[in-house]
1. Please go through region 155-181 and pick out each residue that is in contact with a helix residue (DSSP H, G or I) (Cβ under 6 Å, 6 or more places away or on another chain) and within 20 Å of V80 (Cα to Cα).
2. Is it the case, given these coordinates, that A21 is within 31 Å of the chain's Cα centre (by Cα), open to solvent by less than 50 Å² (accessible area, probe 1.4 Å), hydrophobic (A, V, I, L, M, F, W, C) and at pLDDT 90 or above?
3. So how many residues does region 252-286 have that are within 13 Å of the ligand (Cβ to nearest atom) and surrounded by 23 or more Cβ atoms within 10 Å (Cβ to Cβ)?
4. Within the set of pairs 6 or more residues apart or between chains, which connect a residue that is over 16 Å from R123 (Cβ atoms) inside region 315-342 to a residue that is among the acidic types (D, E) and within 11 Å of the ligand (Cβ to nearest atom) with Cβ atoms less than 6 Å apart?
5. Given the criterion of a type in the set (A, V, I, L, M, F, W, C) and over 22 Å from P367 (Cα atoms), identify the matching residue among A205, A132, A141.
6. Only one of (1) away from the ligand (no atom under 14 Å from the Cβ); (2) open to solvent by less than 20 Å² (accessible area, probe 1.4 Å); (3) not in a helix (DSSP H, G or I) fails for G365. Which number is that?
7. Can you list the helices (runs of 4 or more DSSP H) found entirely within region 205-309 that contain at least 1 residues being over 27 Å from V170 (Cβ atoms)?
8. Quick one: in region 63-92, which of the residues that are among the hydroxyl-bearing types (S, T, Y) and buried (at least 18 other Cβ atoms within 10 Å of the Cβ) is modelled with the highest pLDDT?
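The values are calculated or read from the model by the stated rules, or taken from the named source; none is laboratory data. No experiment lies behind these values; they were computed from the predicted model shown. We place every Cβ from the backbone using ideal geometry, glycine too, and count neighbours over all the protein chains shown. We work out accessible area using only protein heavy atoms, side chains counted, and drop any ligands, DNA or RNA first. Shrake-Rupley method; radii C 1.70, N 1.55, O 1.52, S 1.80 Å.
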Amino acid sequence: MARPWPLHTRILVGMGLGLAAGLAAHLAAPALDGALAVPAAFVGRLVDLVGELFLRALRFVAVPIVLFSLVAGTASLDDVRQLGRIGGRTVAIYLFTTSLAISIGLGLADLVRPGTRVPDALRDRLAASGAAHAGDKLAAASAPDAWRTLAELLPTNPFAALAEGRMLQVVVLSVLLGIALTLIPRERARPVLEAVRGLEAAVLALVHLVMRTAPVAVFCLVARVVADLGLDVLGALLAYTLTVLAGLAAMVLVVYPAALRLFARVSPRRFFRAILPAQLLAFSSSSSSATLPVTMECVEERLGVRRDVTSFVIPLGATVNMDGTALYQGVATLFIAQLYGIHLGLGAQLGIVLTATLASIGTAGVPGVGIVMLVIVLQAAGLPPEAMKGGIAIIFGIDRLLDMCRTVANVTGDCMVAAVVGRAEGALAEPGAPRP
Ligand code: ASP
């Protein structure tokens, strides 16, 4: 029997076919509105259903997998102080890469000045056409309070945290439970740990099952986005779009590989091979939270980072670390300021680095959250309401596409940090060697 294609190849094929089908549906939309309206609507609903079921299945396994693997991982650590060290390293690297990403975004936007390339008349037309969306985003944004986020790390009710899927709280409660299991007599802890490990294996088996449907689901997710995409704004926003994409490419193709070589001694080839399924899924779903179970699986099984490190670093990263989003916010803020002829000097730009880094903590990785957080950054940069509203309206048209790309950078950054922390902890397997 012929060997089946590897998973990432199948997902890529699904993506390519989804692109083609979506484009065909986009071009045929006027014709489909006529006599074929009913069957076309049926197919559209079916495509949405398959995509949604897949994302729901991934969300279904996300909380249990973090809970079980982190409880088991923490309880099996020889020394709880190790956890403090892993945590300190992880958070420090996350904050550093996020601020680096925004700085790269700001630097590129200062250099290219994409906002000066849109004529005023076109700017006002675009702003008017996206005004309704901008209103929604402005209403949804509320400034993050870093002190509150810190206090809320500790859930008052662990069951509520699990039920509502608050990932940072789930991480904290799992670590606490894992530590507690090392404090009670061994014979009492053992059956609990065995059950937790069994449940963990069961949930992983579910992830494998879900991933088998990924090629079809990715087809549906991509086809829907492409069919809906209004690329007419792309021309007007080309300089802006290319600036964001160049920044993301610099992170994913230059900064991360360099960090991997320097600090993890992992070749980029090995790294990208291992995490490709997670990247493809990040692109198709625009959500690092939905991708989480697959990211964990790729980092642990394919890259060879030990389970306790993976189950700590990756869930934390899905909420705290959003390099791609931060970079995009840097570019978008300067783009909007340039569009409205507002000068943001060095002081203001440093303020943007700080606000965007803080804003990225405690915000879950779900589609479109980046543009909502952008409102907060724009507010902090002191942009007048008219420029804020107009600016958000203008970039909204292209946001979905950029969301897909920045989510890839977000997930890749998490995986890079897992490899670096894994190496520092002696928890990263050499290629071909048994896992530590
Ligand atoms: N969709 C992104 C993520 O899930 C967040 C964003 O930039 O909107 O990582």
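1. Listed by number, the residues that qualify are L168, Q169, V170, V171, L173, S174, V175, L177, G178, I179, L181.
2. Values: within 31 Å of the chain's Cα centre (by Cα): yes; open to solvent by less than 50 Å² (accessible area, probe 1.4 Å): yes; hydrophobic (A, V, I, L, M, F, W, C): yes; at pLDDT 90 or above: yes.
Answer is yes for this residue.
3. If we filter region 252-286 for residues that are within 13 Å of the ligand (Cβ to nearest atom), which is where we start, we get 278-279, 281-286.
So of that shortlist, the ones also surrounded by 23 or more Cβ atoms within 10 Å (Cβ to Cβ) come out as 278-279, 281-282, 284-286.
Residues that pass the stated criteria total 7.
4. G317/D414; N321/D414
5. Result: A205 is the single residue among A205, A132, A141 that is of a type in the set (A, V, I, L, M, F, W, C) and over 22 Å from P367 (Cα atoms).
6. (1)
7. On the way: elements: 214-228, 238-250, 256-259, 268-285, 288-297.
In region 205-309, the matching helices (runs of 4 or more DSSP H) lie at 214-228, 238-250, 256-259, 268-285.
8. At the first step, the residues of region 63-92 found to be among the hydroxyl-bearing types (S, T, Y) are 69, 74, 76, 90.
Retained after the next criterion (residues that are buried (at least 18 other Cβ atoms within 10 Å of the Cβ)): 69, 74, 90.
Values: S69: 89, T74: 88, T90: 93.
Step by step, filter region 63-92, then rank; the result is T90.
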